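Below is one structure, written out as structure tokens, with a few remarks after it.
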Amino acid sequence: MATTSTIDDGDSGAAAPVNTAALARARRQRILAWVLPITTLAAAIAFWEFWVWYKQVPHFLVPAPSRIWATLMVDGPSLMRSAWFTVRLTFWSLFLAIVGGVLLGALFALSRPLEMRLFPFAVILQVTPIVAIAPLILIYVHNTFAALLVCAWLVAFFPILSNTVVGLRSTDHNLRDLFTLYRATPLQRLRLLLAPSALPYFMAALKIAGGLALIGAVVAEFVAGATGANTGLASRIIESSFRNEIPRMFAALVLVSLLGVAIFLMTSLASKLVLGKWHESEIKRES
Amino acid sequence: MSTPLIRLDRVRKEFGRHVLAVEDMSLTINQGDFISFLGPSGCGKSTALKMIAGLLPVTAGTIQIAPPEEKVEQDLGFVFQEPTLMPWGTVFDNVWLPLRLAGLSRRAARERVRAALVEVGLSKFEKSYPRELSGGMKMRVSIARAMVTRPRILLMDEPFAALDEMTRSKLNNDVIRLAHEHRLTVIFVTHSVFEAVYLSNRIAVMAARPGRVVADLTVNAPWPRGEDYRVSPEFSTEAARVSQVLKGTLHGDDIDH
Ligand SMILES: Nc1ncnc2c1ncn2[C@@H]1O[C@H](COP(=O)(O)OP(=O)(O)OP(=O)(O)O)[C@@H](O)[C@H]1O
Ligand SMILES: [Mg+2]
């Protein structure tokens with residue numbers, strides 16, 4: 001390993017020769033990372049439009065993208081109200097899942113006996129399909145929004161809990177010894193050692209929980225079959241299906257997908273911002 | 001000249017009921033000693049070191065360390081086999097840690113952190129993250145972190161075992177220089193007879209099952225040492241002598257590890 005010992009010389013400096021060709025290649029890669037998925041998606045939509053027109057597929061079976069767009073424009077205001085409901089539901093449940101998961105995870109990490117006592121409940125709630133529990137929750141909780149919130153929360157909560165526990169426990173034991181050697185206070189240990197060690201695990205859980213919160217919100221609403229003014233996108237999908245308004249179903253579906261994509265992008269960005277400088281999962285290898 | 005600094009008196013360590021990691025270890029380490037713990041894997045070297053650092057309680061016996069004359073944040077530095085750096089912190093953050101835990105702000109610690117980095121030749125890397133450094137550089141950061149509290153005692157647990165030969169010998173010279181300049185008392189754990197002989201003026205040879213000190217040797221060569229010693233006939237003679245002792249301790253013992 002001759003390279004190691006030359007780099008190892010502290011005074012040799014870190015400046016590597018700037019390779020313009022490599023830089024240009026990296027830039028092209030970055031642009032392609034955006035251009036390729038977007039153009040492919042556009043092509044798929046164009047093909048869909050063409051196919052519906054060419055085969056003259058009736059719009060109550062498969063509406064063309066242009067028709068879905070038109071429906072979105074016409075039903076926009078009312079759909080937006082529903083979308084806002086779903087957004088609120090999803091983000092509240094995600095927020096509460098983070099608070100609950102991190103607090104309970106920290107308690108579990110502090111006390112094994114407590115974990116052993118409570119973990120079965122967490123597992124049972126996790127493995128029982130939400131569709132099966134939702135009707136009960138809807139009976140017990142009268143406020144619809146609160147009931148839906150509980151359902152979505154149950155789904156999103158578990159990954160945060162389990163990853164927080166694993167993250168807090170996976171601290172390097174030599175680093176722990178080091179903190180003991182330098183007489184760290186419990187608060188210093190939490191802030192400077194445990195929290196940063198658990199962060200990659202937490203961010204991974206957040207990405208999963210974000211998607212699950214949306215799924216939970218939609219599924220719960222399906223089960224609730226809520227109707228009336230105060231409803232989310234899932235109810236609109238059911239309602240449109242009853243009335244055979246397929247384009248509107250698609251329009252609501254598009255909004256659900258967009259919401260999911262937005263959540264995915266947000267949690268990915270958060271992860272990149274928080275871990276980008278140091279954690280392997282977010283580091284781009286320069287080659 | 002030789003003031004006792006660390007005194008181990010019949011120190012014993014059991015893990016659970018069945019593992020006797022260290023049995024009746026008695027040893028007096030003097031101010032300015034560079035002593036190596038040399039022995040096969042599993043003979044309790046790390047355990048002994050951790051007990052001296054106060055990271056593991058002893059099962060029986062006592063460990064005394066003479067109180068320091070001037071007060072420092074931590075009188076004892078510890079270097080692990082792995083660099084044990086916080087990946088989320090820069091080189092500066094990592095070296096700052098001991099002072100930070102003692103309540104020093106970034107600004108208050110800055111001069112001392114920089115000084116420690118200069119000593120290990122990494123002054124240009126304070127903003128780098130550990131992942132951007134080579135194995136040898138990470139080890140230097142680890143040494144700088146141990147030195148930043150200006151300790152009298154430096155404990156090193158096979159710090160260079162994972163490094164290539166060239167990096168290792170370079171770091172050996174650095175450790176000798178640091179120990180000499182700061183009049184450190186060093187306990188250096190190693191598997192390698194050559195490393196032990198090159199670095200230390202004293203070698204405690206240990207044997208396994210149960211872990212114990214079987215020989216306390218003095219290395220007959222002036223200290224501090226340099227590269228010329230590594231190629232001298234005296235070095236080979238000493239290494240051969242120590243190897244002989246080490247073999248003697250293994251003889252008849254089960255060497256299945
Ligand atoms: N936490 C522990 N629990 C139980 N047994 C342990 C523990 N730590 C060490 N031991 C045992 O104590 C003995 C001494 O271990 P120690 O790590 O001190 O050896 P060592 O000389 O440092 O070995 P190596 O050169 O491989 O690092 C070994 O038999 C080991 O299995
Ligand atoms: Mg060891």
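The values are calculated or read from the model by the stated rules, or taken from the named source; none is laboratory data. The shown structure was predicted, so the numbers you read here are calculated from the model rather than taken from an experiment. Cβ atoms come from the backbone with ideal geometry, glycine included; neighbour counts cover every protein chain shown. The area values use the complete protein model at the heavy-atom level, side chains included, leaving out ligands, DNA and RNA. Shrake-Rupley method; radii C 1.70, N 1.55, O 1.52, S 1.80 Å.
Listed values, structure above:
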{"read-out": "The stretch B:103-118, subset touching a Ser or Thr at 6+ places or on another chain (Cβ under 9 Å) and charged (D, E, K, R), residue least open to solvent (accessible area, probe 1.4 Å)", "value": "B:Arg112"}
{"read-out": "Qualifying residue in the stretch B:33-48 (condition: within 18 Å of the chain's Cα centre (by Cα), within 10 Å of ligand 1 (Cβ to nearest atom) and under 30 Å from A:Tyr201 (Cβ atoms))", "value": "yes"}
{"read-out": "Filter result for B:Met166 (part of a helix (DSSP H, G or I), in contact with an Asp or Glu (Cβ under 8 Å, 6 or more places away or on another chain) and not aromatic (Phe, Trp, Tyr))", "value": "no"}
{"read-out": "Given (1) within 14 Å of chain B (Cβ to nearest Cβ); (2) surrounded by 23 or more Cβ atoms within 10 Å (Cβ to Cβ); (3) within 27 Å of the chain's Cα centre (by Cα), index of the condition A:Leu178 fails", "value": "(3)"}
{"read-out": "Any helices (runs of 4 or more DSSP H) falling wholly within the stretch B:38-137 and containing at least 3 residues that are within 13 Å of chain A (Cβ to nearest Cβ) and away from ligand 2 (no atom under 16 Å from the Cβ)", "value": "B:91-101, B:106-119"}
{"read-out": "Filter result for B:Asp157 (within 16 Å of ligand 1 (Cβ to nearest atom), open to solvent by 10 Å² or more (accessible area, probe 1.4 Å) and either among the polar types (S, T, N, Q) or within 17 Å of B:Phe34 (Cα to Cα) (or both))", "value": "yes"}
{"read-out": "Members of the stretch A:191-206 that are within 15 Å of A:Gly276 (Cβ to Cβ), surrounded by fewer than 22 Cβ atoms within 10 Å (Cβ to Cβ) and touching a helix residue (DSSP H, G or I) at 6+ places or on another chain (Cβ under 8 Å)", "value": "A:Leu199, A:Ala204"}
{"read-out": "Residue check, B:Thr149 more than 16 Å from ligand 2 (Cβ to nearest atom), out of contact with any Lys or Arg (no Cβ under 6 Å at 6 or more places or on another chain), open to solvent by less than 20 Å² (accessible area, probe 1.4 Å) and more than 23 Å from B:Arg7 (Cβ to Cβ)", "value": "no"}
{"read-out": "Residues (away from ligand 1 (no atom under 12 Å from the Cβ) and either among the acidic types (Asp, Glu) or open to solvent by 10 Å² or more (accessible area, probe 1.4 Å) (or both)) located in the stretch B:190-206", "value": "B:Val193, B:Phe194, B:Glu195, B:Asn201, B:Arg202"}
{"read-out": "Pairs, first more than 27 Å from B:Leu27 (Cα to Cα) in the stretch B:214-240, second assigned to a loop (DSSP other than H, G, I, E, B), C-beta under 7 Å, six or more apart", "value": "B:Tyr229/B:Ala221"}
{"read-out": "Failed item in (1) away from ligand 1 (no atom under 16 Å from the Cβ); (2) small (Gly, Ala, Ser); (3) open to solvent by 20 Å² or more (accessible area, probe 1.4 Å), with B:Gly61 passing the rest", "value": "(1)"}
{"read-out": "Unmet criterion (only one of (1) within 14 Å of chain B (Cβ to nearest Cβ); (2) part of a helix (DSSP H, G or I); (3) open to solvent by less than 30 Å² (accessible area, probe 1.4 Å)) for A:Gln188", "value": "(3)"}
{"read-out": "Checking B:Leu8 against (1) surrounded by fewer than 21 Cβ atoms within 10 Å (Cβ to Cβ); (2) of a type outside the set (D, E, K, R); (3) away from ligand 2 (no atom under 16 Å from the Cβ), the condition it does not meet", "value": "(1)"}
{"read-out": "Residues within the stretch A:103-117 that are under 19 Å from A:Arg189 (Cα atoms), open to solvent by less than 90 Å² (accessible area, probe 1.4 Å) and in a helix (DSSP H, G or I), tallied", "value": "6"}
{"read-out": "Conditions (1) open to solvent by 40 Å² or more (accessible area, probe 1.4 Å); (2) over 16 Å from the mean Cα position of the chain (by Cα); (3) assigned by TED's automatic domain parsing to the domain that holds B:Lys45: number failed by B:Ala162", "value": "(2)"}
{"read-out": "Long-range neighbours under 7 Å by Cβ, at least six apart or interchain, first residue within 13 Å of B:Ser123 (Cα to Cα) within the stretch B:139-151, second part of a loop (DSSP other than H, G, I, E, B) and β-branched (Val, Ile, Thr)", "value": "B:Arg140/B:Val120; B:Ala144/B:Val120"}
{"read-out": "Criterion (in contact with a helix residue (DSSP H, G or I) (Cβ under 6 Å, 6 or more places away or on another chain), more than 16 Å from ligand 1 (Cβ to nearest atom) and not acidic (Asp, Glu)) met by exactly one of B:Gly77, B:Gly103", "value": "B:Gly77"}
